[in-house]
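Quick notes on the structure that follows.
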Amino acid sequence: MKEAPSPSSWTLDAVLGLFASPFNDLLYRAQNIHRAHFDPNEIQLSTLLSVKTGGCPEDCHYCPQSLRYDSDVESEPLLSLDQVMARALQAKAAGATRFCMGAAYRGPKERDLIRILEYIRAVKALGLETCATLGLLDADQARRLAEAGLDYYNHNLDTSEAYYPEIITTRRYADRLETLEHVRRAGMRVCCGGIVGLGETIRDRAELLLELSRLDPPPESVPINELVPVPGTPLAQAPKTDPIDFVRVIAVARILMPTAHVRLSAGRSAMSRELQALCFLAGANSIFYGEKLLTTPNNDADEDRALFEALGLRAEDPLPRESATSVHVA
Ligand code: SAM
Ligand code: DTB
Ligand code: SF4
């Protein structure tokens with residue numbers, strides 16, 4: 001078995017130095033590290049499905065699913081198993097290797113968790129990797145998710161510890177770290193990243209990436225989201241991130257976490273093909289694939305296929321599975 005990578009020994013000054021280095025030097029370094037650990041022309045494809053949309057009690061200032069803000073997102077009940085399976089089959093047919101189920105919860109309630117465990121067993125039986133993002137978990141919930149076959153749990157730190165209280169006041173940074181600890185102890189892989197464009201400084205970005213890289217072991221998957229500004233949310237008018245600065249975040253993530261899949265996540269549909277190509281050059285090797293994220297649009301699958309063709313990129317194979325059985329959905 002492969003040994004888990006060690007937490008990084010980078011210092012904040014050194015990471016700030018990376019951010020300040022000439023762009024070409026930074027990209028060259030990131031690309032070299034990328035090539036030492038991955039096939040540079042392979043991209044992992046994850047498809048997202050919102051299994052429970054809207055009505056969330058939390059106050060994350062970026063999120064259209066909080067019931068505190070007047071966005072266009074309506075609260076909907078948890079989807080049925082058939083609905084989830086139909087979407088998982090579509091995702092698999094379109095070429096995704098991982099299916100990520102998201103819920104607008106502070107954390108899952110018992111009744112909902114029981115149903116989500118069923119989704120996980122069924123999606124897993126299709127031969128897809130499974131991922132879920134359900135908010136805060138306790139140790140027992142994490143254990144039950146792992147037992148049901150959940151491969152990855154997504155729980156983001158979102159930003160630096162110092163800037164976090166400007167963005168979310170209904171739960172603490174320490175709560176998030178505790179959930180990540182439960183996920184690890186339960187034996188699942190960790191998907192943990194953040195958002196760029198919340199009004200944070202370069203130092204906040206450096207601190208976030210450093211914090212992620214110091215998790216022991218660091219996350220296997222690191223989603224880097226660009227804020228999708230949604231009308232009605234407190235961050236609807238946030239100034240747009242300079243695209244060059246965004247690429248720098250990807251490159252620094254790659255350098256600090258050499259063996260992680262770095263995912264070019266939300267915000268991609270507002271990016272030019274050239275900007276996405278630069279992000280891949282900087283070490284991004286995963287995307288959300290499919291027309292929708294949770295509540296906001298994502299790139300068309302056709303557009304993505306054409307981009308892959310133009311750049312000579314291929315979809316990465318999923319992890320080898322011993323027991324991928326076919327499942328019939330009525
Ligand atoms: N409710 C759960 C939670 O917050 O952990 C799971 C779902 S939540 C929508 C998952 C992640 O989506 C957030 O942590 C945040 O990083 C990202 N996200 C939400 N709204 C976003 C937006 N408008 N732009 C970019 N990323 C966003
Ligand atoms: C992550 O880091 N990004 C995804 C996923 N994890 C769950 C969510 C992006 C959400 C973007 C806003 C929306 O569609 O509601
Ligand atoms: Fe709720 Fe998650 Fe949105 Fe925060 S990010 S408001 S916890 S759905």
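The values are calculated or read from the model by the stated rules, or taken from the named source; none is laboratory data. Everything quoted here is computed from the prediction, not taken from an experiment. Neighbour counts run over all protein chains shown; Cβ positions are idealised from the backbone, glycine included. Protein only, heavy atoms only, side chains kept; ligands, DNA and RNA dropped before computing areas. Shrake-Rupley method; radii C 1.70, N 1.55, O 1.52, S 1.80 Å.
Quick notes
- Computing FRET efficiency as 1/(1 + (r/R0)^6) for residue 306 and residue 203, where r is the C-beta to C-beta distance and R0 is 35 Å, gives about 0.40.
- Taking every protein chain into account, the accessible area of the range 253-297 amounts to 31 square angstrom per residue (probe 1.4 Å).
- Note on residue 21 and residue 93: the model spin-label points, each 7 Å out from Cα along the C-beta direction, lie 4.6 nm apart.
- Accessible surface of the range 1-50, 1.4 Å probe: 53 percent of it comes from carbon and sulfur atoms.
- The residues of the range 6-46 expose on average 52 square angstrom of accessible surface per residue, using a 1.4 Å probe on protein heavy atoms.
- Carbon and sulfur %, accessible surface of the range 196-330 computed with the full protein complex present, 1.4 Å: 55
- Placing R0 at 41 angstrom, the Cβ-Cβ distance between residue 109 and residue 259 gives a FRET efficiency of 0.70 after rounding to 0.05.
- At 0.890 mPa s and 25 °C, Stokes diffusion of the chain via Kirkwood alpha-carbon radius, µm² per second: 123
- Applying a 4.7 Å Cβ-Cβ cutoff to the chain leaves 56, 191, 192, 279 as cysteine residues with no disulfide-compatible partner.
- Relative contact order computed over the chain (Cα-Cα under 8 Å; 6+ residues apart), in percent: 26
- Take the Cβ atoms of residue 147 and residue 296, set R0 to 25 Å, and the FRET efficiency comes out at 0.15.
- In this rough spin-label picture, where each label sits 7 Å from Cα along the Cβ direction, the residue 9-residue 274 distance is 4.1 nm.
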